[in-house]
1. Which numbered condition trips up A:Gly201, out of (1) at pLDDT 95 or above; (2) in contact with a Lys or Arg (Cβ under 8 Å, 6 or more places away or on another chain); (3) more than 22 Å from A:Trp97 (Cβ to Cβ)?
2. Restricting attention to the range A:310-329, which residues are within 14 Å of chain B (Cβ to nearest Cβ) and assigned to a strand (DSSP E or B)?
3. Cβ-Cβ under 6 Å, sequence separation 6+ or interchain: first residue in the range A:80-105 and in the same structural domain as A:Ser243 (by TED's automatic domain parsing) and on the phi > 0 side of the Ramachandran plot, partner at pLDDT 95 or above and open to solvent by less than 20 Å² (accessible area, probe 1.4 Å). Which pairs?
4. State all residues of the range A:269-299 that are part of a strand (DSSP E or B) and open to solvent by 40 Å² or more (accessible area, probe 1.4 Å); if no residue qualifies, say none.
5. Under the condition of being more than 16 Å from the chain's Cα centre (by Cα) and surrounded by 13 or more Cβ atoms within 10 Å (Cβ to Cβ), which residue from the range B:115-125 is nearest to A:Pro300 (Cα to Cα)?
6. When the range A:372-394 is examined, which residues are found to be crowded, with 20+ Cβ neighbours inside 10 Å and in contact with a Leu (Cβ under 6 Å, 6 or more places away or on another chain)?
7. If a residue has to be more than 16 Å from A:Pro60 (Cα to Cα), open to solvent by 10 Å² or more (accessible area, probe 1.4 Å) and either within 14 Å of chain B (Cβ to nearest Cβ) or outside any loop (DSSP other than H, G, I, E, B) (or both) to count, how many in the range A:194-215 make the cut?
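The values are calculated or read from the model by the stated rules, or taken from the named source; none is laboratory data. Keep in mind it's a predicted model, so treat the numbers as computed, not measured. We place every Cβ from the backbone using ideal geometry, glycine too, and count neighbours over all the protein chains shown. We work out accessible area using only protein heavy atoms, side chains counted, and drop any ligands, DNA or RNA first. Shrake-Rupley method; radii C 1.70, N 1.55, O 1.52, S 1.80 Å.
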Amino acid sequence: MDRRKFTGSLSLGAMASILGVPIVFGKSMPEGYVPLGLQDTDPFQRFNKDKGMVVLNDKPWNMEAQAHLLDDKITPNKFMFIRNNGNIPENIDAATWTLTIDGEAANQEKTYTLQDLKTKFEQHTYQLTLECGGNGRSEFNPPAKGNQWTVGAVGCAQWTGVRLRDILQDVGIKSNAVYIGYHAADTHLSGDPNKEPISRGVPMQKALQDETLVAFQMNGKDIPLAHGFPLRLVCGGWPASASGKWVNRISVRNKVHDGPKMTGSSYRIPCETVAPGEKVADEAMCIIESMPVKSLITYPKTGATIKTNQDLKIRGHAWAGELQVSTMEYSIDFGSTWKTCSLEQPTNRLAWQHFGATVAFPKKGYYEVWARATDSTGTSQPMVLPGWNPKGYLNNACHRIAVKVS
Amino acid sequence: MSKEDKFNEAAQQIRRLSVAMFALFIALAAILIYVMADPNLSALQPTTEADLVVRNDTLLDSPDYEKIENGVHVLTGFVEGEGLMTVVNNCTNCHSAKLVTQNRMTADGWRATIDWMQETQNLWDLGANEEIIVAYLAKFYAPEAQGRRQNLTNIEWYELKD
């Protein structure tokens with residue numbers, strides 16, 4: 001619901017009760033005026049985000065981190081990117097929230113309250129990497145339409161919930177189940193109540209994984225509003241759009257789910273590689289599944305100046321969608337030579353891995369430290385932009401920071 | 001005509017009158033309610049395509065609605081230029097201006113984006129404004145060749161202690 005319409009329909013008394021104080025001189029307030037206290041507050045305050053986060057879009061809200069903000073091993077809320085396709089739902093009541101399982105390939109339609117989910121099924125906690133499919137879009141040439149994410153649309157928080165598999169087993173699914181599709185409470189930007197902003201999903205194989213959660217906690221607390229309170233899907237390692245927020249219904253489909261942003265060119269790349277700028281028909285676009293191998297130098301922040309005899313300790317995270325990262329390297333000579341970084345095992349499958357190295361520079365000058373991860377199948381990050389695609393997805397080119405030795 | 005008939009006729013007349021009064025009252029009430037909901041009587045205004053401008057009322061309320069500072073429209077961040085207010089009025093109702101200003105496209109690209117919004121996102125028919133909007137966007141938000149990897153820019157240098 002539109003804030004203006006919402007507040008416009010409120011009485012003075014109702015506004016006062018939201019503000020917690022009476023509105024003195026309220027009677028002389030112009031009709032339709034929204035008191036400052038009820039207007040949209042600053043997004044950093046509203047969503048508890050760090051001031052260093054970058055707002056890409058305020059309608060709908062889209063906000064990304066910068067590389068150096070993602071230094072924590074477990075991403076706290078204040079550095080977690082926000083990617084919304086529609087308006088954040090208002091007036092959520094967790095006490096009456098329900099999740100309904102339905103669809104052609106479900107044995108029955110069954111509805112659970114939040115309390116049912118928490119008590120009926122075993123709870124699990126995993127650290128899961130969520131990265132926007134369009135992270136890195138800003139670098140594509142020719143440019144691709146959409147939010148121009150740089151490097152910060154990724155995070156790895158700890159998610160607590162129940163396995164989607166356990167719920168689906170309780171409901172019973174038919175042998176012809178192909179895909180699950182989520183439905184959620186966010187509203188379409190056009191205000192059309194019959195339109196869903198986004199309704200995506202994953203194939204059964206992903207839906208039934210241990211780590212695929214219907215989550216109600218992030219980092220040990222209720223999920224923050226912007227991240228899907230009170231209930232969301234978390235499908236780690238896949239484009240984060242598969243991890244629906246504010247989820248109230250999951251359909252078990254007998255075909256590939258066909259909700260908004262599932263079809264056409266959304267979250268799809270050309271099935272066959274194309275030249276930059278080439279037009280690609282929707283039929284020739286294939287759904288993105290696992291995200292590619294990638295890494296980020298989170299310390300130091302780009303722009304460090306150091307002394308000639310000073311070693312530089314670098315660190316960061318690496319991840320590889322469904323796979324694990326097997327090798328992590330850095331280069332200070334634009335890829336002419338590579339040196340190995342230390343690399344930790346993931347806390348659990350689909351969690352990012354931490355790397356570190358101590359870098360020595362031979363002499364004064366301008367340097368770039370480039371980081372390159374290689375996944376368990378031997379595939380590495382490219383130093384240049386990967387295959388161009390019309391919507392600018394999956395840019396996993398090496399991250400780099402600038403360093404000056406003086 | 002008997003006394004009784006006269007009385008009946010008078011009663012009929014009063015009944016007809018009161019029904020007519022009631023109908024008139026309902027009609028008046030309906031008109032008043034409509035005027036309350038739509039004070040500009042917008043449904044009765046003729047809309048020719050070229051004039052069709054859907055105002056962004058959040059912006060319209062602002063005293064800075066048309067304010068330009070350093071060549072930039074203050075409320076939206078759009079660059080000043082021919083077609084600016086047509087873009088402001090049509091392209092910031094559903095989504096933020098930021099979704100436009102962070103993108104770079106050719107005229108064909110902007111046109112395709114408008115088509116997509118009309119087909120899937122409930123964007124209205126822009127009529128003659130479409131070409132004004134496309135011309136503005138293609139001029140001020142045109143793609144620049146970036147190559148396969150750009151130099152690092154806007155580096156804020158700082159001293160890193162051990």
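1. Condition not satisfied by A:Gly201: (3).
2. A:Leu312, A:Lys313, A:Ile314, A:Arg315
3. Short answer, once both residue conditions are applied: A:Gly103/A:Ser251; A:Gly103/A:Val252.
4. Passing the criteria: A:Ile269, A:Cys286, A:Ile287, A:Tyr299.
5. Looking at residues that are more than 16 Å from the chain's Cα centre (by Cα) and surrounded by 13 or more Cβ atoms within 10 Å (Cβ to Cβ), I get B:Trp116.
6. The answer is A:Asp375, and nothing else.
7. So the count comes out to 4.
Listed here are the residues, each with its yes/no results for (1) open to solvent by less than 10 Å² (accessible area, probe 1.4 Å); (2) over 20 Å from A:Ile269 (Cα atoms); (3) more than 24 Å from the chain's Cα centre (by Cα).
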| position | (1), (2), (3) |
| --- | --- |
| A:Gly316 | yes, yes, no |
| A:Glu322 | no, no, no |
| A:Thr337 | no, yes, yes |
| A:Glu344 | no, yes, no |
